[in-house]
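For reference, the structure discussed in these notes is given below.
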Amino acid sequence: MNAITSDRSLPPLADHSCPSPSALSPYYEKGDQLREKHQRSNMASGRCFERWALDLLPLQSKEAVLDAGCGWGRFSWPLVEKYGLASIGVTCCDSSYGMLRTAAKEAARRGHSPQFIAADILSLPFPAGSFDGAMANHVLYHLSDIRDGIRELARVLRQEGWLLATTNSDEVSVPVLEYHYAALDELGIDYSRESSSPFSMENGRQLLESSFEVVHTFYFEDETLYHSADEFLASYMTIGRYRNLLARAEVSREAKEGLPRLVRQKAEETIREHGVLCSPVRIGAFVCSEPTE
Ligand SMILES: C[S@@+](CC[C@H](N)C(=O)[O-])C[C@H]1O[C@@H](n2cnc3c(N)ncnc32)[C@H](O)[C@@H]1O
């Protein structure tokens, strides 16, 4: 089945002047890789990050919730399946049409009917006070103006509304990125590496406090374990930094082929030495209330 045929079965996607697809990272042009990445990240403790974060919220079944920068919808579906919200009350918004198509297919597969809207968080197409709750999970670091995006999220909330914003900590170094950058160095491939994230567990609270009176911080610490180099490589091949590199026209085919080979080799060396490759997880959530906009 080609893409056009399968798209016919999807609900119409409302379009509200979101950026052209070229403004987005190639990784976000479709949702399949992101979904596979999330489905592969099993915590050693058996906990589920999405459930842990949603459990922090005062969720009620009749609420209208916005999932801003929804991706393939990993936070939207539990709202319906585990917390009893009506799917019609959930609005999935993303600036990538491809990501929304993946989310819409996922919703259809699960029998849900949320609203789908293509829009930028910096300019949400909703009147003030439209939602009881909003989520901006692992997305605020992408915005060109984070304070403006947070102000926009606060604006669309009712006075008693809440915001959930999840993100990564800057205080952890994960093997998948360390091996990636070490392999780029060995292959002589140019890259730029940010020293810190523009929206992290360390700096996020201050940014959120510009539009919310109350901001609570919660850390989620765990680890993921890899018992084989192939298992690690399969995970590596779903990350944005690797997929975006494959889209770079100036990088040679040899270098693109050499990269996963080198990453796999590094994982194999660690597993040979320690019996297992242990990747620390340090991420978390901010729960905000009393919007000031
Ligand atoms: C790392 S993914 C997170 C997806 C989802 N929230 C999750 O936690 O699984 C980031 C998502 O934000 C979307 N995105 C990036 N910039 C955006 C913007 N300015 N407005 C709306 N969505 C955006 C991307 O297309 C992508 O789907």
Calculated P(r) tail over 25 Å for segment 120-235, as whole % of Cα pairs: 39
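For segment 17-102, rounded, prolate or oblate, judged on the Cα gyration tensor with a ≥ b ≥ c (square roots of eigenvalues), a/c < 1.5 rounded, else prolate if a/b > b/c?
oblate
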Between segment 199-247 and segment 44-79, what's the alpha-carbon centroid distance in Å? 16
Karplus 3J(HN,Hα) series, Hz, for segment 246-262 with 6.51 cos²θ - 1.76 cosθ + 1.60 (x for Gly, Pro): 4, 7, 7, 5, 7, 8, 5, 4, 4, 5, 5, 6, x, 4, x, 4, 5
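How do 211-223, 30-42 rank on mean C-beta neighbours within 10 Å, highest first? Don't skip to the answer; put the middle values down first.
Details: 211-223: 15.5, 30-42: 17.0.
In decreasing order of mean packing, 211-223, 30-42 become 30-42, 211-223.
As a check on your grasp of the helix formula, calculate [θ] at 222 nm for the chain: sum -39500 (n - 2.57) over DSSP H runs of n ≥ 4, divide by the residue count, round to the nearest 500.
Values: 11 runs with 105 residues, N = 293.
Computed mean residue ellipticity for the chain: -10500 deg cm²/dmol.
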Loop sites in segment 141-216: trypsin sites (Lys or Arg not before Pro), DSSP, at most 13 other Cβ within 10 Å: ARG193
With unit charges on the beta carbons (Lys and Arg positive, Asp and Glu negative) and the dipole taken about the Cα centre of the chain, which residue among GLN206, PRO291, VAL156 sits farthest to the positive side? VAL156
Gap separating the Cα centres of segment 258-293 and segment 100-155, nearest whole Å: 26
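Output the Kirkwood hydrodynamic radius of segment 172-293, Cα pairs only, in Å rounded to one decimal.
Working: mean 1/r = 0.0597 Å⁻¹.
Averaging 1/r across every pair of different Cα atoms and inverting gives 16.7 Å.
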Taking amide H positions as placed in the peptide plane 1.01 Å from N, state which residues far from GLY129 in sequence (5 or more) or on other chains have amide H under 5 Å from it. VAL156, LEU157
Could you size up the charge dipole of the chain around its Cα centre, putting +1 on the beta carbon of Lys and Arg and -1 on that of Asp and Glu, and report it in debye to the nearest 20? 880
Quick one: which residues, 5 or more positions from ASP170 or on another chain, have an amide H under 5 Å from its amide H? H modelled 1.01 Å from N in the peptide plane, none for Pro or chain starts. MET201, GLU202
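Please state the relative contact order of the chain as a whole percent: Cα pairs under 8 Å, 6+ residues apart? It would help to have the intermediate numbers written out before the result.
On the way: 522 pairs, mean separation 63.9, N = 293.
Here the relative contact order equals 22 percent.
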Taking θ as phi - 60°, what are the ³J(HN,Hα) couplings along segment 156-173 by the Karplus curve (6.51, -1.76, 1.60), each to the nearest whole Hz, with x for Gly and Pro? 7, 8, 5, 4, 8, x, 10, 10, 10, 10, 9, 6, 9, 8, 7, 9, 8, 10
Under 8 Å for C-alpha pairs, at least 6 residues apart: give me the relative contact order for segment 82-141, rounded to a whole percent. 36
Compute a Gaussian network model of the chain, connecting alpha carbons closer than 10 Å, and tell me which residue from ALA68, ALA247, ALA154 fluctuates the most. ALA247
Once you have a ≥ b ≥ c as the square roots of the Cα gyration tensor eigenvalues for segment 43-160, tell me rounded if a/c is under 1.5, and otherwise prolate or oblate according to whether a/b is larger than b/c. rounded
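None of the figures in this text is laboratory data; all of them are computed from the coordinates on show. It should be emphasised that the depicted structure is a prediction, and the values quoted were computed from it without experimental measurement. Cβ sites come from the backbone with ideal geometry, for glycine too, and all protein chains shown count toward neighbours.
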